[in-house]
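Following: one structure in structure tokens, then a few remarks.
The values are calculated or read from the model by the stated rules, or taken from the named source; none is laboratory data. Owing to the predicted nature of the structure, the values given are computational and were not obtained by experimental measurement. Cβ atoms come from the backbone with ideal geometry, glycine included; neighbour counts cover every protein chain shown. To get the accessible areas, we keep the full protein, side chains included, count just its heavy atoms, and leave off ligands, DNA and RNA. Shrake-Rupley method; radii C 1.70, N 1.55, O 1.52, S 1.80 Å.
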Amino acid sequence: MDNLRLWHKFLESIKPNISSANFKTFFSKTLLERVTEEKVTLSTSSAFIKETLSQRHLPLIEEVFANLLGKRVVIDFVIKEVIAENNSQTETDFFQPVRTQTTTILNPKYTLANFVVGPSNNVAYAAAQAVIQNPGASYNPLFFYGGTGVGKTHLMLGIGNAVLEKKPHLKIIYCSSEKFTNDYVEAIQNRRMGDLRSKYRSADLLLVDDAQFFSGREQTQEEFFHTFNELTSRNSQIVLTSDRAPSEMPKLEDRLKSRFQGGLMVDIQSPDIDTRVAILKAKCMERGDHLPEECLSLIAEATETNARELEGKLIQIIQVLKIQKMPPTIESVRSILGQKPAAALSNLNYKQVLNTVCQYFDIRLNELTGPRRVKELVLPRHLVMHILSDELNLTVEKIGEILGGRDHTTVMHGRDKIKKLITTDREVQRVLIEVKQQLSASA
Ligand code: ADP
Ligand code: MG
């Protein structure tokens, strides 16, 4: 892509995410100067614009370039005093009350068009369509709940993308409850509650993913409660997802619980066999891969849990077929499926497991194997114990040694704890699936 086209694409993506006044003031006179392997240089017409762009719009600019270029780049600014005549106009624009921009870029990959509908999710799908037709009017809030990987985020982003297409002027914010919490904590620390409020409370459509993480966060819940009230009183649409129904969310204030229950709650269940086959077909199409229908059925039969796992299995099978140069037949797929996942993972050495877990949780190896027993390290450590024992078949003594000289009874305890949690705690379930997916990708 040449620079001019890149810049046009950039402006196109930025435009729906900020107010038109901001767009005019800060982007219309900015140009793309240079693009190198790791740096994009933008030229602005004044120091003022440069400051505002780098202080207020940098995350958005970075995000859009990362999307367009397929990698993260450093954004650099230079000042080129090209246009002076409109400076006064620029200043007035700035001092008008500024509508804070949406910093969300919705992942365009998730649409309603590529969401496969079946008995497990058709009610949720219909509700999504109703909300797209009439945001804020029919079901407010719309609350999706269900196990991990059943398509909650997909459907929620599908709503966002459809609304964005139909009504590009609407302000759409997508965040996880964790992001909202972090924004809140940061706003308190930097005394910028006003910014936080003008950001979230000016949304026309607010999409909050994984609301279960509001649990136990009293102050965040309070802030969200008021955000919620303000938005719904203006008929702005709110969509939430969670891994469980509001009534089952522990440490959630009653008033928030009743707000969540006040609209439409729909659960999404694990897909049945036909839906699983259809999902596999859709994923193959998206990836440009082809597997015969009977192979897809085999995979769907072998993977009963959820769509994320289904997709993981599909990718794994396609990879093995390619690497081993096997044709996609019932026999070859059956033989790959027949290998216990443990067999694939057992080829790994323990260092790969440690590294993958560290990477996943963003912790250092010496923290993982070290003595500190804080929550952030205990779950990763227990996961390692579980994987090394179950998948690599190492002895508890050996695992203790690997983990910085821990006693074998400690290892047994950690390993068994995870085993129990997998059946009761969806979050742990999800983490384990994702870690294993990363492991099998490196196996
Ligand atoms: P959740 O948020 O419920 O944990 P996601 O929405 O992240 O699950 O879905 C996990 C993966 O499965 C995504 O890649 C998503 O596209 C895919 N997926 C889930 N349900 C469907 C569906 N009905 N049709 C197509 N893809 C689906
Ligand atoms: Mg999700």
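Listing for the model above:
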| read-out | value |
| --- | --- |
| Total charge dipole magnitude, the chain, about the Cα centre, Cβ charges on Lys, Arg, Asp, Glu only, Debye to nearest 20 | 260 |
| Region 345-442: C-alpha gyration tensor shape, a/c 1.5 cut-off, then a/b vs b/c | rounded |
| Dipole in debye (nearest 20) - region 122-268, about Cα centre, beta carbon charges: Lys, Arg +1; Asp, Glu -1 | 380 |
| Glu62/Ile330 FRET efficiency (R0 35 Å; Cβ-Cβ; nearest 0.05) | 0.15 |
| Sparse-neighbourhood loop sites, GluC sites (Glu not before Pro) in region 1-56 - DSSP loop, at most 11 other Cβ within 10 angstrom | Glu37, Glu38 |
| Prolate/oblate/rounded label for region 122-268 (Cα gyration tensor, a/c 1.5) | oblate |
| Where trypsin sites (Lys or Arg not before Pro) fall in DSSP loop in region 298-399, at most 15 other Cβ within 10 Å | Lys325, Arg364, Arg372, Arg373 |
| Share of carbon and sulfur in the accessible heavy-atom surface of region 345-442 [1.4 Å probe, %] | 49 |
| Given charges at Cβ of Lys, Arg, Asp, Glu: the chain dipole, positive-most of Ser198, Ala47, Met1 | Ala47 |
| Region 1-80: trypsin sites (Lys or Arg not before Pro) falling in loop per DSSP and having at most 15 other Cβ within 10 Å | Lys71, Arg72, Lys80 |
| Which of Leu403, Gln438, Ile422, positive extreme of dipole for region 345-442 (C-beta unit charges) | Ile422 |
| Accessible area of region 3-90 belonging to carbon and sulfur atoms, whole % at 1.4 Å probe | 50 |
| For region 175-234 versus region 283-357, the gap between their alpha-carbon centres in whole angstrom | 40 |
| Cβ-derived FRET efficiency at R0 45 Å, Asn349 paired with Lys15, nearest 0.05 | 0.35 |
| Label point distance in nm, Thr424-Leu69, each placed 7 Å from Cα along Cα→Cβ | 4.9 |
| Relative contact order (percent, whole number), the chain, Cα cutoff 8 Å, 6+ residue spacing | 12 |
| Rel. contact order, % - alpha carbon contacts under 8 angstrom, at least six apart, region 320-443 | 26 |
| Accessible surface, per residue, of the chain when the full set of protein chains is kept, probe 1.4 Å, Å² | 50 |
| Listed residue (Ala300, Gln324, Gly288) projecting farthest to the positive dipole end of region 273-337, Cβ model | Gln324 |
| Full-stretch length increase - Glu33, Glu230 - with 0.36 nm per residue and alpha-carbon distance subtracted | 66.7 nm |
| Surface share of carbon and sulfur [accessible, 1.4 angstrom probe, percent] for region 122-268 | 44 |
| Helix-only mean residue ellipticity at 222 nm for the chain, each DSSP H run of n ≥ 4 adding -39500 (n - 2.57), per residue, nearest 500 | -17500 deg cm²/dmol |
| Centroid-to-centroid separation of region 15-52 and region 402-443 [C-alpha atoms, Å] | 46 |
| Cα gyration tensor shape for region 374-423, rounded if a/c is under 1.5, else prolate or oblate | oblate |
